[in-house]
């Protein structure tokens, strides 16, 4: 059974053949698809809020200079934090999982080089890390 080619398909084919646009080869596409973008990991377990914020600030700036595209920030889940029992401290902001993303988001200079912070991971009770995507 032969299928008749429509006029539109013929026209599209002629436009394609006569086009000077370069097509991506399968090999180039596979290489791009499998390309590992540069990423770094930082573990903030055991740091005080002040030290963690200072460390993440410097780390993000360094990663930006090194053309890192993704930062994985390990904070822990905060489930063993002793600050939960202190009524004079914020339950969320005394835990690195919440305070570090909040610090980053409130820093104008850092946000100029950040494309995205994965707040879904921050809100997830089972996650002890979150990702930052740099511009």
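Read the figures in this text as sums done on the coordinates, not as results from a lab. Because the structure is a prediction, the values reported are computed rather than measured. Ideal geometry is used to build each Cβ from the backbone, glycine not excepted, and the neighbour counts take in all protein chains shown.
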Helices (runs of 4 or more DSSP H) wholly inside the range 91-135 that include at least 3 residues being surrounded by 15 or more Cβ atoms within 10 Å (Cβ to Cβ): 96-106
Neighbours by Cβ (under 7 Å, 6+ apart or cross-chain): first from the range 59-74, farther than 21 Å from residue 99 by Cα; second outside any strand (DSSP E or B): 64/113; 67/38; 68/38; 69/37; 69/38
